[in-house]
Structures are given as C-alpha cells and as structure tokens.
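One structure is given below, encoded as structure tokens.
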Amino acid sequence: MKYKPSIYNLSNGVTVILDPMEIESTIVKVCFQTGARDEQPNEYGITHFCEHMMGRGTKNFPRKKLLDDYIEEHGGLRNAATGYSALVFRGKILPENINVLIGLLGEQIRDSLFLPERIELERSVIIDELRRMMDDPEEQLGYFISNNLFGGATLCYRTLGTVENIMSFTREQMLDWLARRLSAKNCIICVSGRILNHANLLKCLERNFSFLPTHDVPVNTEIIYTPKIIHNLNPYKKNVKLRILFPDIWKQTFENFYNQKCVNQFEAFMSRRLYRILRYENGLVYDFSGASIGNERYNWSGFGTETSRDNIAKTVALIAKTAHDFYENTNILQKDLNRLRCQNKLFFADFLESADARSRMLISFYYDFGCLYDYRDAIEMSSRITVEDVIEKSRGYFNGPMSIVTQGAEFQADLESVWHENFK
C-alpha cells in the first residue's frame, strides 16, 4: 500500500491533507481543534449538543432523514463525534461521488437549522446518552480519575456535560459557541482513500469551506496534577479495578519522539513480564495492560488491571516488586527487541491498510507536532532502538509522584504502604 500524503491550504488558511490510497472508497474528516477541554463548567456538554444539532437538518435538507437518504443514494454514510479536544465531522463514500460528501459536510457546518423544537427533542436523547455512559464501569473510573487527580481537565469524561447544563442550553448559546470556536485556523480536513483528481478535489474543498472565518481560537491544555491514593467505592461489585500512574519523564514534543518510543518499549516489556507473573504464575488477574491518561502536552502512564478485593494487596505487592526488579535489572535480550519490532511492523501494516487509521493519525499528529506523520520515519526510528537506549531513556520512570486509583468492592489494605514496602 502506497503512502504519500501531501498538505495544502485553502484561501482562508484551512489545512488540507490528501492521503491517496489504492482502495475503493474515500473517507473525509473535517476536524476542529476544540472540545470539552475548552468549556467552562456552565458550558460542559455544549460542543456535544451542537454536534447533535448539526446532524438534524440544514437549509437544503431540513430533516435528518433527507440528509441520510441523500448521502445513501450516492453510496455514502456520515457521522460526527465530540471529544476532549476535537469536534469531527466525517463521512465515507464512493470516490466518484466525493463532491457530494464534501458539499454535505460543508452544509452541515455552515447551514444547520438548530430548530427550537428539535433542540427540545434532542435534550432527552443526550441525557439518555449521559445515563448510559455513567452506567459503564470504565467510564465511571475514567471520570473518577479525571475529577480527583486532574480537576476534570483530562480526557473526554465531561464531554456530555451535566443534566442541568443539557437542560439549560439555548439556541443562541449554541450558535454563539460555534461562532467563537469554529475557525479556519483550528480546522484540518483530511481525505484518505481513492482520490480521482487532486486538483478538482481541492477546488471542491475551496468552494465548500472558504466560508470559515479566520479568527484565533484559544485552547486549554493546562493540567494541574494532584497525586492521590483513592478508592471509588461500589459495594455491589466483587472485584476491584486498579490503576497505578506516574508522570511521563519526557515532555510530549516532537524532539522527544524517539525518547518516548524507547520508554514505550520499556513499558511493553515490563507489562508483559507483569502479565505473566500476575496471571500465569499466580492466577491473580484475568488481564493486565498499560494505562495512560493526559493530553498532547502532559501524560501519565503506568499499569491497569482488575482483581478480587481479597487479592488486591497481593496484586499491588507483586506489581511493585516485579516493577522494581525489572527497573533495577532490566534484562531485555536482543531477540526480545526483534520480536517487538516484528509486532510494530504488523501495526504499521494495519495502519497502511486502513483509511480511518491513517486519517486519524495524520490529523492528530499534525495538531500535536505541526507536521505530517511519516510512517517510514517511524519504522526507521523503531528499528534503531537499542536495548541500551530503552534502559537509558526510561531512567526516572518511577521517580515522579505516584497515584493509585481503585474502584469497586471495599477492601482494608493500605495500598500506598504495600507499594513502598515492596518497591525495593
């Protein structure tokens, strides 16, 4: 699969990434760098509410069914999503009908109606979505971590807002929010898939997105971290979810990209060892993985698993002891590194074959680092990582202020003491 993305700018400054692929469909994503992180407490949920309303009807297609029928008649589909830092409108279509999809996405952003009666109907839909999210144990844990460790300033757990906010938003508030937050300066359009004519595609994008204004849009990337040992009690659960987190030792910058890759390798080897010991040698957990939380500037990484309340102390003790032994006596063989390189190559193969993955990576990488993602450079970088670099770049991994977060059944163990007693 070929990989040769190129970057352009529309007349108003919108960044356009064209990523041709030898497949039989085309994906278009229009991404604005704004989301839940940029909302004040009385605005939590407003970006998500706007996203819903921008799919409920436009001037030319006043009902949602007309929008859906029109795109389906041309072999396409559309969707949208709101996250912590992005508002995305996307669609997939047969390549010969790309102009239809681009025109429809442009109209959704420019000419959505926000009819009062439909706003009222959508309130209950979004509240139901909020209830479903808060019933999900993983969402509950993420919300608990975000609120208690990071003041609600990480990930997308405040994206849906609160019932009070959802009930209070007016049409005028939503339109004003969009006018302030949507700009050519924080917009990236990525087209991945079959591109029949680059020049015509760029002309079509110009026609449909030159309306975007060019004002600056501030973003909120600051995080205040308060390390804690905390438990989110749920007496109806028999198991305990566990997250152990440490601040990343390298800042999230392009210059540190190689260093962070080395740390990622260290984490991968350490997680494999912990998984083997916890599951196959001691039978304490079903699954074990790395854990991560943060944004494009700051990140916290560590471990994530789940076990019974009777085994939580033993699990933390084994994690601490194994992690310390691995850190102090990092024993990575060249054959281990080679095996992980092969796994990375498989990841890159999956990446090359997926228009969705390519467009997602191209957009996020450009937002984070201001340049195109180059998978060849990533492969080359991975191939030159040495065992010595993995050890050197991961020094200090456990030096930052630690947090231990648990959720579920009640237990009596002092996990902070358990950690310090065994991390030696």
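The values are calculated or read from the model by the stated rules, or taken from the named source; none is laboratory data. Nothing here was measured: the structure is a model prediction, and the numbers come from that model. Note that we place each Cβ from the backbone using ideal geometry, even for glycine, and neighbour counts take in every protein chain shown. The area values use the complete protein model at the heavy-atom level, side chains included, leaving out ligands, DNA and RNA. Shrake-Rupley method; radii C 1.70, N 1.55, O 1.52, S 1.80 Å.
Things to note:
- Against the test of being within 23 Å of L175 (Cβ to Cβ), modelled with pLDDT of 95 or more and among the acidic types (D, E), the options E24, E51 yield a single qualifying residue, E51.
- When region 372-397 is filtered for residues that are hydrophobic (A, V, I, L, M, F, W, C) and either over 29 Å from the mean Cα position of the chain (by Cα) or open to solvent by 20 Å² or more (accessible area, probe 1.4 Å) (or both), the ones remaining, listed by number, are L372, I379, V387, I391.
- Between I249, I277, the distinction of being more than 26 Å from Y225 (Cα to Cα) and either open to solvent by 20 Å² or more (accessible area, probe 1.4 Å) or in contact (Cβ under 8 Å) with a residue 12 or more places away in the chain (or both) belongs to I277 only.
- As a summary of the residue check, F114 satisfies the conditions (1) buried (at least 16 other Cβ atoms within 10 Å of the Cβ); (2) at pLDDT 95 or above; (3) not in a loop (DSSP other than H, G, I, E, B) except for the one numbered (3).
So that you can scan it fast, the table gives a plain yes or no per residue for (1) under 22 Å from D136 (Cβ atoms); (2) assigned to a strand (DSSP E or B):
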{"site": "I230", "(1), (2)": "yes, yes"}
{"site": "V240", "(1), (2)": "yes, yes"}
{"site": "F246", "(1), (2)": "no, yes"}
{"site": "K251", "(1), (2)": "no, no"}
{"site": "V263", "(1), (2)": "no, no"}
{"site": "E267", "(1), (2)": "no, no"}
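- Residue check for Y367: within 24 Å of the chain's Cα centre (by Cα), part of a loop (DSSP other than H, G, I, E, B) and not basic (K, R): no
- Residue within region 347-355 that is over 29 Å from P5 (Cβ atoms), open to solvent by 50 Å² or more (accessible area, probe 1.4 Å) and part of a loop (DSSP other than H, G, I, E, B) present: no
- Taking every residue in region 49-61 that is open to solvent by 10 Å² or more (accessible area, probe 1.4 Å) and pairing it with any residue that is in a loop (DSSP other than H, G, I, E, B) and of a type in the set (F, W, Y), at least 6 positions away or on another chain, the pairs with Cβ-Cβ distances below 9 Å are R56/F114.
- Scanning region 66-94 for residues that are surrounded by fewer than 19 Cβ atoms within 10 Å (Cβ to Cβ) and farther than 29 Å from R180 by Cα gives D69, Y70, E72, E73, H74, G75, L94.
- Scanning region 292-329 for residues that are open to solvent by less than 10 Å² (accessible area, probe 1.4 Å) and within 16 Å of E421 (Cα to Cα) returns I312, T315, V316, I319, A320, A323.
- From the options Y258, Y236, Y280, residue that is closer than 28 Å to N147 by Cα and either of a type outside the set (A, V, I, L, M, F, W, C) or not in a helix (DSSP H, G or I) (or both): Y236
- In region 360-389, the residues that are in contact (Cβ under 8 Å) with a residue 12 or more places away in the chain form Cβ pairs under 8 Å with partners that are among the basic types (K, R) and open to solvent by 20 Å² or more (accessible area, probe 1.4 Å), at six or more places apart or across chains, as follows: I379/K345; M381/K261; S382/K261; S382/R341; S383/R341; I385/K261.
- Residue among F49, F61 that is out of contact with any His (no Cβ under 6 Å at 6 or more places or on another chain) and either among the aliphatic types (A, V, I, L, M) or assigned to a loop (DSSP other than H, G, I, E, B) (or both): F61
- Selection status of I332, surrounded by 16 or more Cβ atoms within 10 Å (Cβ to Cβ) and modelled with pLDDT of 90 or more: no
- Of note, L212 satisfies the criterion of being open to solvent by less than 70 Å² (accessible area, probe 1.4 Å), more than 23 Å from the chain's Cα centre (by Cα) and of a type outside the set (D, E).
- Residues satisfying the stated conditions in region 17-38, i.e. acidic (D, E) and open to solvent by 10 Å² or more (accessible area, probe 1.4 Å): E22, E24, D38
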